[in-house]
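This report concerns only the one structure given below.
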Amino acid sequence: MGQHPRRGVNMNRIYNSNTNGVSIGVYYKTKNYTYNYGKSILATADNFYNIGSVAKTFVTTILAQAVVEKKINLNDDIRKYLSSQFPNLQYNSKPILVENLANHTSGLPRAFRVFSSTIQDSLRKLTISEQAKFYSLYNQDSLLADLHRIKLDTLPNTKFQYNSNAMMVLVLLLENVYHKPYEEIATQYLRTHLKMYNTKPFLTNTEITNAVQGFNNSRKPQQFLNLRGFYFGPTMNSTINDMLKYIKANLSMKDKAIRMTHQLTYGKDKGFGMGLGWMMDNNSNGERYIYHDGNTKIGYNTLCIFYPNKSLGFIIIVNDTVSQDKVGELENNIKQALDRQCNHFNN
């Protein structure tokens, strides 16, 4: 997806690819609809998936809640919430603001630590599980140590550059202001505000048995992993039914924090823009939509997208690493079919 408008193509393309299965949730004018397709085991709307980078929208929703609770301010210098001094986290005397972490305009490098070619070659010989274990050792202290060595070369708030590491700095800030692990902060907010009981950063062993099997591009099953540590971007697991609650909450905007995440912080109100975590754009018909997608190496591909003016939203999760463009094309085709049906009944 990225910043580019989605183009509709024949829906069969996703089924004729390496796709092993797909789960679809549609929220339309207060009603939920779900659909599951599978070549082997058929998933249900209550099975767990890892939703990839869609997890970032949960981080920024928690940020907005922290703003509501007056624990943090979007226009604050991020160094206000860090325990040590970071004179390097500014460019031409302009500091990185909290908001810049949430809308990918911080100017921070996309990789805080680049491992040597020897280490990278060694990692390639490991299984995904072994690689994840290695990266999980990169913790809060590792992140802070690397932050001390960073040198900015761009003015904050002047350039959009998608940055998972910057989002992990935001997770660190939230842990500092709440004095709790992010997992606890997130699950408490989701349960108390949105009644989402099956959305959490990490799954128990029992919950993992209820996770949909993920596959890679070679159709090989991938072991489900809890992606711990601060090296990867934020992680989150959810179900189609729980994500439909999330879409409903985003469309109704009754929650103060959610309303805040939709406010434009960068870009254009007609064209590509950023809220807090959420990306925004207009399709060829001029309709404004809000979205985020995600892809994980453990075998999942996700698109969460909604159209505020139509009270319409989609959550689509494929249990393999098929390209994100194809998932967007699937959503586009479903929406076009719904539009045609609505026009037929209106005429």
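Any residue that is touching a residue at least 40 places away in the same chain (Cβ under 8 Å), at positive phi and open to solvent by 30 Å² or more (accessible area, probe 1.4 Å) - is there at least one of those in segment 197-218? No: segment 197-218 contains no residue that is touching a residue at least 40 places away in the same chain (Cβ under 8 Å), at positive phi and open to solvent by 30 Å² or more (accessible area, probe 1.4 Å).
Of the residues 199, 206, 192, only one is touching a helix residue (DSSP H, G or I) at 6+ places or on another chain (Cβ under 8 Å), of a type in the set (Val, Ile, Thr) and at pLDDT 95 or above; which?
199
Residues of segment 25-42 that are farther than 21 Å from residue 309 by Cα, at pLDDT 90 or above and open to solvent by less than 90 Å² (accessible area, probe 1.4 Å): 34, 36. Residue pairs whose Cβ atoms lie under 6 Å apart, separated by 6 or more positions or on different chains, with the first residue in segment 26-37 and touching a residue at least 60 places away in the same chain (Cβ under 8 Å) and the second open to solvent by 60 Å² or more (accessible area, probe 1.4 Å) and in a strand (DSSP E or B), are 26/33. Checking each residue in segment 267-297 for being aromatic (Phe, Trp, Tyr) and surrounded by 21 or more Cβ atoms within 10 Å (Cβ to Cβ) picks out 278, 289, 291.
For first residues located in segment 111-126 and surrounded by 13 or more Cβ atoms within 10 Å (Cβ to Cβ), partners that are part of a loop (DSSP other than H, G, I, E, B) and lie 6+ apart or on another chain with Cβ distances below 8 Å form the pairs 112/150; 113/138; 113/231; 123/115.
For residue 221, the stated conditions do not hold, so it cannot be described as closer than 30 Å to residue 111 by Cβ, touching a helix residue (DSSP H, G or I) at 6+ places or on another chain (Cβ under 7 Å) and open to solvent by 60 Å² or more (accessible area, probe 1.4 Å).
On the basis of being in a strand (DSSP E or B) and either farther than 25 Å from residue 100 by Cβ or in contact (Cβ under 8 Å) with a residue 40 or more places away in the chain (or both), does residue 281 make the cut? Yes, satisfied. Within segment 301-327, being more than 21 Å from residue 218 (Cα to Cα) and open to solvent by 10 Å² or more (accessible area, probe 1.4 Å) holds for 308, 309, 310, 311.
In segment 246-257, what residues are more than 15 Å from residue 99 (Cα to Cα) and hydrophobic (A, V, I, L, M, F, W, C)? First the steps, then the outcome.
From segment 246-257, those more than 15 Å from residue 99 (Cα to Cα) are 246-256; that's our starting set.
Once the filter is applied, which keeps residues that are more than 15 Å from residue 99 (Cα to Cα) and hydrophobic (A, V, I, L, M, F, W, C), segment 246-257 yields 247, 249, 251, 253.
No other residue among 179, 104 is exposed (fewer than 15 other Cβ atoms within 10 Å of the Cβ) and at positive phi apart from 179. Within segment 51-76, residues that are under 16 Å from residue 183 (Cβ atoms) and open to solvent by less than 10 Å² (accessible area, probe 1.4 Å) reach partners that are polar (S, T, N, Q) and in a helix (DSSP H, G or I) with beta carbons closer than 6 Å, at six or more positions or on different chains, in the pairs 61/261.
Among the residues making up segment 296-347, those that are acidic (Asp, Glu) and part of a helix (DSSP H, G or I) are 325, 329, 331, 339.
Within segment 143-164, is there a residue that is open to solvent by less than 20 Å² (accessible area, probe 1.4 Å), within 29 Å of residue 25 (Cβ to Cβ) and modelled with pLDDT under 95? No: segment 143-164 contains no residue that is open to solvent by less than 20 Å² (accessible area, probe 1.4 Å), within 29 Å of residue 25 (Cβ to Cβ) and modelled with pLDDT under 95. Return yes when residue 130 is surrounded by fewer than 16 Cβ atoms within 10 Å (Cβ to Cβ), touching a helix residue (DSSP H, G or I) at 6+ places or on another chain (Cβ under 9 Å), modelled with pLDDT under 95 and assigned to a helix (DSSP H, G or I) and no when it is not. Against the criterion (surrounded by fewer than 16 Cβ atoms within 10 Å (Cβ to Cβ), touching a helix residue (DSSP H, G or I) at 6+ places or on another chain (Cβ under 9 Å), modelled with pLDDT under 95 and assigned to a helix (DSSP H, G or I)), residue 130 qualifies.
The values are calculated or read from the model by the stated rules, or taken from the named source; none is laboratory data. Quantities reported herein were computed from a predicted structural model and do not represent experimental measurements. Glycine gets a Cβ as well: all are built from the backbone with ideal geometry, and neighbour counts include every protein chain shown. To get the accessible areas, we keep the full protein, side chains included, count just its heavy atoms, and leave off ligands, DNA and RNA. Shrake-Rupley method; radii C 1.70, N 1.55, O 1.52, S 1.80 Å.
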